[in-house]
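Asker: Below is one structure. I have some questions about it.
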Amino acid sequence: MHPSSTRPLLLETKRTLREWVVREKRGGKTIGLVPTMGYLHEGHASLMRRARSENDRVVVSIYVNPLQFGPSEDFAAYPRDLAGDLDLCAGAGVDAVFHTSDDQMYAPDFSTYVIPDALASNLCGASRPGHFRGVCTVVAKLFNLASPDRAYFGQKDCQQVAVLARLARDLDFPLEFVVCPTVREPDGLAMSSRNKYLSPAERETALVLWRSLALARDLVKRGESDAAQIQGAMRALYEGKPGLRTDYIELVDPGSLAPVSRIAGKTLVAVAAFVGKTRLIDNEFVAP
Ligand code: PAF
């Protein structure tokens, strides 16, 4: 039992993280890793609780990874709140938080990258060039540093989950890759640290992502199997809404992420849109 008042151990260097990991492993403890960029919310808390229930020790990394942001993206503005994050981690029974600096993670002459291939070419990979190279590189480093028995990721970032599960398999990281369901606000909006950017009017507009996924689910339930028809109906919900710009509305195979033209089996419906300046993503599985 982990009392919610216990503060996690704060590990600020790679060395202190490694020492903690080696100590715990020597004592026969299993380790669950929850990689995050901080500004934690209930979605992250659900990953931590799952990790808590499946491992002897839980470590959360909080690191806004510059390598996964494009030059015109929100790296500098990305919300940060370490004190609030530590409270949330304490409440979820987290043992240790790895919160380090850019110079710890990237030497000035850093020059080795993990570059995903096919799974990263469409969806977010198409609109955010280099994003998954940054994600894969930092996550490979975190896997090496924390040597987790299990690593936890949220389904909300569906392409990230596909790309990173493939990375873990292809590069033989000896860990169990655990995907947890998306946590939503009561009105359906997927929880995201970037929701903080939304004005009240944008927050209302942002509901279109969830509504379009619900529409896709209903259409499939009523027997529609033509992907173009479903995409068209979804797209109509986005059209004419001020301050809203669709990035993509795609129906893809969950394994390969390749577009499908007919819903013949379990299919991933993935959407991305700019609400004002904020880019939001969401997804849902549908099946005939
Ligand atoms: O999902 C995120 O917050 C990030 O992409 C991750 C996995 C922590 C890597 O920086």
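Just so it is clear, none of the values below were taken in a lab; they were calculated from the coordinates. These figures come from a predicted structure and were not determined experimentally. Every residue, glycine as well, gets a Cβ built from its backbone with ideal geometry; the counts of neighbours run over all protein chains shown.
Asker: At what distance in angstrom do the alpha carbon centres of the range 222-260 and the range 111-143 lie from each other?
Answerer: Each part's Cα centre sits 24 Å from the other's.
Asker: State the extension gain, in nm to one decimal, for the chain segment bounded by Phe285 and Ser261, taking 0.36 nm per residue of separation less the distance between their alpha-carbons.
Answerer: Value of the extension gain: 7.1 nm.
Asker: A further question on this structure: So what's the angle, to the nearest 10 degrees on a 0 to 90 scale, between helix 158-170 and the longest Cα principal axis of the chain?
Answerer: The two axes meet at around 50 degrees.
Asker: Then there is this: I'd like the distance separating the alpha-carbon centroids of the range 149-195 and the range 199-219, in whole Å.
Answerer: 21 Å
Asker: Okay, moving on. Where does the longest stretch of the chain lie that holds no chymotrypsin sites (Phe, Trp or Tyr not before Pro) found in a DSSP loop with 16 or fewer other Cβ atoms within 10 Å?
Answerer: Longest gap between qualifying sites, sites excluded: 114-288.
Asker: Let me ask something else. Once you charge only the Cβ atoms, +1 for Lys and Arg and -1 for Asp and Glu, what is the size of the charge dipole of the range 220-288 about its Cα centre, to the nearest 20 debye?
Answerer: 160 debye
Asker: Under the definition of Cα pairs under 8 Å and six or more residues apart, what whole-number percent is the relative contact order of the range 163-216?
Answerer: Across the range 163-216, relative contact order equals 23 percent.
Asker: If N is the number of residues in the range 138-272, what value comes out of its Cα radius of gyration divided by 2.2 N^0.38 Å?
Answerer: Against the compact-globule rule of thumb, the ratio is 1.20.
Asker: Based on DSSP H runs of at least 4 residues, each adding -39500 (n - 2.57), what is the mean residue ellipticity at 222 nm of the chain after dividing by all its residues, to the nearest 500 deg cm²/dmol?
Answerer: So the calculated ellipticity at 222 nm is -11000 deg cm²/dmol.
Asker: Taking the Cα centre as origin and putting +1 on Lys and Arg beta-carbons and -1 on Asp and Glu beta-carbons, what dipole magnitude results for the range 150-288, to the nearest 20 debye?
Answerer: The calculated dipole for the range 150-288 is roughly 200 debye.
Asker: Indicate the gyration tensor shape class of the range 56-199 (rounded, prolate or oblate), computed on the Cα atoms with a ≥ b ≥ c the square roots of the eigenvalues: a/c under 1.5 is rounded; otherwise a/b larger than b/c is prolate and the rest oblate.
Answerer: Rounded shape, in that the Cα axes give a/c under 1.5.
Asker: Counting other beta carbons within 10 Å of each residue's own, what order do Asp187, Asp87, Asp172 fall into, fewest first?
Answerer: Fewest-to-most Cβ neighbours within 10 Å comes out as Asp172, Asp187, Asp87.
Asker: Using only the C-alpha atoms of the chain, find the volume of their convex hull and express it per residue in Å³.
Answerer: For the chain, the hull spanned by Cα atoms encloses 137 Å³ per residue.
Asker: Please compute one quarter of the surface area of the Cα convex hull for the range 1-132 and express it in square nanometres.
Answerer: Averaged projected area of the range 1-132's Cα convex hull equals 9.6 nm².
Asker: Also, I was wondering about something else. Of Pro79, Cys124, Ala90, which is farthest along the charge dipole of the range 41-156 in the positive direction, counting Lys and Arg as +1 and Asp and Glu as -1 at C-beta?
Answerer: Cys124
Asker: Run the numbers on the chain and let me know its relative contact order in percent, using alpha-carbon pairs under 8 Å that are six or more apart.
Answerer: 17 percent
Asker: Taking all pairs of different Cα atoms in the range 121-162, averaging 1/r and flipping that mean, what Kirkwood radius in angstroms comes out?
Answerer: The answer is 11.3 Å.
Asker: Please give me the summed charge of the neighbours of Val22: other residues whose Cβ is under 15 Å from its Cβ, Lys and Arg +1, Asp and Glu -1.
Answerer: Value of the local net charge: +3.
Asker: Give me His131, His44 ranked fewest to most by other Cβ atoms within 10 Å of their Cβ, as a rough exposure proxy.
Answerer: His131, His44
Asker: Student exercise: in the chain, how many lysine pairs 8 or more apart or on different chains have Cα atoms under 16 Å apart?
Answerer: 4
Asker: For the Cα atoms of the chain, what angle does the longest principal axis make with the long axis of helix 227-238, in degrees from 0 to 90, nearest 10?
Answerer: The angle comes out near 80 degrees.
Asker: While we're here: Sum up the charges of everything whose Cβ sits under 12 Å from the Cβ of Lys266, counting Lys and Arg as +1 and Asp and Glu as -1, but leave Lys266 out.
Answerer: Net local charge, Lys266 excluded: -2.
Asker: Within 12 Å, Cβ to Cβ, of Lys241, how many net charges do the neighbouring residues add up to if Lys/Arg are +1 and Asp/Glu are -1?
Answerer: 0
Asker: Suppose we keep just the DSSP beta bridges with both residues in the chain; what percent of those would be antiparallel, to 5?
Answerer: Taking every DSSP beta bridge within the chain, about 50 percent pair in antiparallel fashion.
Asker: Helix 42-54 sits at what angle to the longest principal axis of the chain, using alpha carbons and giving 0 to 90 degrees rounded to 10?
Answerer: 50 degrees
Asker: Same structure again: For the range 1-62, state which GluC sites (Glu not before Pro) are in a DSSP loop and have at most 13 other beta carbons lying within 10 Å of their beta carbon.
Answerer: Answer by residue number: Glu12.
Asker: Taking the Cα centre of the chain as the origin, how large is its charge dipole in debye, to the nearest 20, when only Lys and Arg (+1) and Asp and Glu (-1) carry charge on their Cβ atoms?
Answerer: Computed charge dipole of the chain: roughly 320 debye.
Asker: Follow-up question, since we're still on this one. Using a 10 Å cut-off around each Cβ, can you sort Asp157, Asp117, Asp282 from fewest to most neighbouring Cβ atoms?
Answerer: Asp117, Asp157, Asp282
Asker: Between Tyr197, Ile115, Leu11, whose Cα lies farthest towards the positive end of the dipole of the chain when Lys and Arg beta carbons carry +1 and Asp and Glu beta carbons carry -1, centred on the Cα centre?
Answerer: With unit charges placed on the Cβ atoms, the residue in question is Leu11.
Asker: Report Rg/Rh for the range 12-79, rounded to two decimals, where Rg is the Cα radius of gyration and Rh the Kirkwood radius.
Answerer: Result for the range 12-79 is an Rg/Rh of 1.06.
Asker: Considering amide H positions built from the backbone, and no H for Pro or chain starts, which residues 5 or more places from Lys156, or on another chain, come under 5 Å of its amide H?
Answerer: Amide H to amide H, under 5 Å and 5 or more residues apart or across chains, Lys156 pairs with Thr182.
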